[in-house]
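Below is one structure, written out as C-alpha cells; comments come after it.
The values are calculated or read from the model by the stated rules, or taken from the named source; none is laboratory data. Keep in mind that what you see is a predicted model, and the values were worked out from it rather than measured. Neighbour counts run over all protein chains shown; Cβ positions are idealised from the backbone, glycine included. Please note that ligands, DNA and RNA were not included when accessible areas were found on the heavy atoms of the full protein model with its side chains. Shrake-Rupley method; radii C 1.70, N 1.55, O 1.52, S 1.80 Å.
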Amino acid sequence: MNKLIAICGKGGVGKTSIAALVVSRLIAKKKSPVLAIDADPNTCLDLSLGVEAIKSVGRIREEAREIAGKGMSAGVSKQELLELKIAECLVESQDFDLIAMGRSEGHGCYCYANNVLKAIIAELTKNYPFVVLDNEAGLENLSRRIVQHIDTMLIVSDPSKQGIKTIKRLFDLSQEMAISYNKLALVINRMKPESESDYFQSLQQDIGANYLALLPENSEVASHNECGQSLLTLSDSNPVVEAIDRLIINLKL
Ligand SMILES: Nc1ncnc2c1ncn2[C@@H]1O[C@H](COP(=O)(O)OP(=O)(O)OP(=O)(O)O)[C@@H](O)[C@H]1O
Ligand SMILES: [Mg+2]
C-alpha cells in the first residue's frame with residue numbers, strides 16, 4: 001500500500017514549502033516516483049517544484065457534470081472519458097508527478113462528479129509508493145475525503161502564540177471529523193534562535209504526536225520562494241532540508 005502524507009495547518013505557515021521539501025527529500029532517498037497533489041485552489045506547489053500545472057481537476061469536475069447529464073457514444077464509458085481527462089491534468093516530471101485539484105465546487109450538485117473523481121484519484125494514487133498532499137488552510141480537503149487513508153499527517157505552524165492555538169484547534173477538529181491517520185507529526189516552522197522549544201514538546205504530548213520537527217527560519221527557503229525557484233534545488237546541507245530528512249527517518253517514511 002502506498003503512503004500518503006497530508007500537510008495541513010493555518011494560512012501562510014509554510015505548508016507548501018514543506019510539501020515541496022518532503023517530495024524533494026523522498027526523491028533524494030530514492031523513494032520515487034512520488035505523486036504530489038496540490039489541493040489548494042490558489043495553487044503554487046507546482047512552482048515550488050519547478051513545474052507548471054496547466055489544467056486542474058476542478059475544471060474536469062465541471063466537465064464531469066456535463067458528461068453525467070449526457071448520453072455517451074458507443075465504446076467509451078463516462079468513467080473512461082473522465083479518466084482520460086484526469087490524465088490530461090497530470091504533470092509528469094522525472095521523479096515525481098503532480099496533479100492540481102483546483103476549485104472544489106461551484107453551484108449545483110457535484111455529487112456524481114465528486115464521487116467519480118475520488119474513485120479515479122484513488123486509482124491514480126495506487127501507482128505511486130508515496131503521495132504528498134498539500135492542503136489549503138484548514139481541514140476542508142481532508143473532511144471531503146479526497147484521499148482515502150492518511151499514513152502521516154503533518155500539522156504545521158509557526159512558533160507564534162496564535163499559531164500554537166491553531167494547532168490545538170486543528171487537532172481537535174481532526175478528531176471531531178474522525179480523520180484517521182497512522183502517524184502524526186507536529187512541525188513548527190520558521191523557528192528563530194530565540195523561539196522557545198520546551199512548550200512544543202508538551203504540545204506534542206498533548207496531541208499525541210509521534211514526532212516534533214523544529215524547522216529554522218531560513219533565508220534560502222524564503223528567497224527561492226520569492227524568486228519562484230524550485231525548492232528541489234536547495235542543497236543537502238540546508239538546515240531546513242536536513243530537518244525534513246530527520247523527519248522522514250524518524251517517521252519511518
Ligand atoms: N523555514 C522558512 N524560512 C523562511 N521562510 C519560510 C520558511 N518556510 C516558509 N517560508 C516563507 O513563508 C511564506 C509562506 O510559505 P508557504 O507558501 O509555503 O506557506 P503556506 O502555508 O503554504 O501558505 P498558504 O496557506 O497561503 O498556502 C513564503 O513566503 C515562504 O517563502
Ligand atoms: Mg500553500
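Across 211, 128, 199, mean-square fluctuation computed from a Gaussian network of the chain (C-alpha pairs under 10 Å connected) peaks at 199. Largest mean-square fluctuation among 124, 139, 232, in a Gaussian network model of the chain whose springs join Cα atoms under 10 Å apart, belongs to 124.
For a straight C-alpha distance cut-off of 16 angstrom, the lysines reachable from residue 78 (same-chain residues fewer than eight places away being disregarded) are 70, 118. Taking 0.36 nm per residue of separation and subtracting the current Cα-Cα distance, fully stretching the chain between residue 95 and residue 81 would add 2.4 nm.
Summarising the label geometry, the points placed 7 Å from Cα in the beta-carbon direction at residue 54 and residue 202 lie 5.5 nm from one another.
Given segment 3-250, what percent of its DSSP beta bridges are antiparallel, to the nearest 5? Restricted to segment 3-250, the bridges split so that about 5 percent are antiparallel. Once the chain from residue 178 to residue 227 is taken as fully extended at 0.36 nm per residue, the excess over their C-alpha distance is 13.7 nm. GNM on the chain, alpha-carbon springs under 10 angstrom: the most fluctuating residue among 126, 168, 29 is 29.
Here segment 13-39 is scanned for amide nitrogen atoms under 20 Å from the site 7 Å beyond the Cα of residue 192 along Cα-to-Cβ, giving 13-15. Exposed loop sites, defined as GluC sites (Glu not before Pro) outside DSSP H, G, I, E and B with at most 11 other Cβ atoms within 10 Å, are absent from the longest region of the chain, namely 53-193.
Dipole check for the chain: with +1 at the C-beta of Lys and Arg, -1 at the C-beta of Asp and Glu, and the Cα centre as origin, the magnitude is about 620 Debye. Heavy-atom accessible surface of the chain, averaged per residue, reaches 47 Å², computed with a 1.4 Å probe. Computed over protein heavy atoms with a 1.4 angstrom probe, the accessible surface ordering of 227, 44, largest first, is 227, 44. The alpha-carbon of residue 252 sits under 24 angstrom from the alpha-carbons of these lysines, leaving out residues fewer than 8 places away in its chain: 3, 15, 29, 30, 31, 126, 183.
Subtracting the Cα-Cα distance of residue 235 and residue 140 from their residue separation scaled by 0.36 nm leaves 30.8 nm. Carbon-plus-sulfur fraction of the accessible area of the chain, 1.4 Å probe, in percent? With neighbouring chains kept in place, the figure for the chain is 49 percent. Placing unit charges on the Cβ atoms of the charged side chains and taking the dipole of segment 3-250 about its Cα centre, the candidate lying farthest along the positive direction among 39, 125, 14 is 125. Which of rounded, prolate or oblate describes segment 3-250 when judged by the alpha-carbon gyration tensor and an a/c cut-off of 1.5? In terms of gyration-tensor shape, prolate. Rounded to 0.05, the FRET efficiency of the residue 122 and residue 168 pair, given R0 = 30 Å and the Cβ-Cβ distance, is 0.45.
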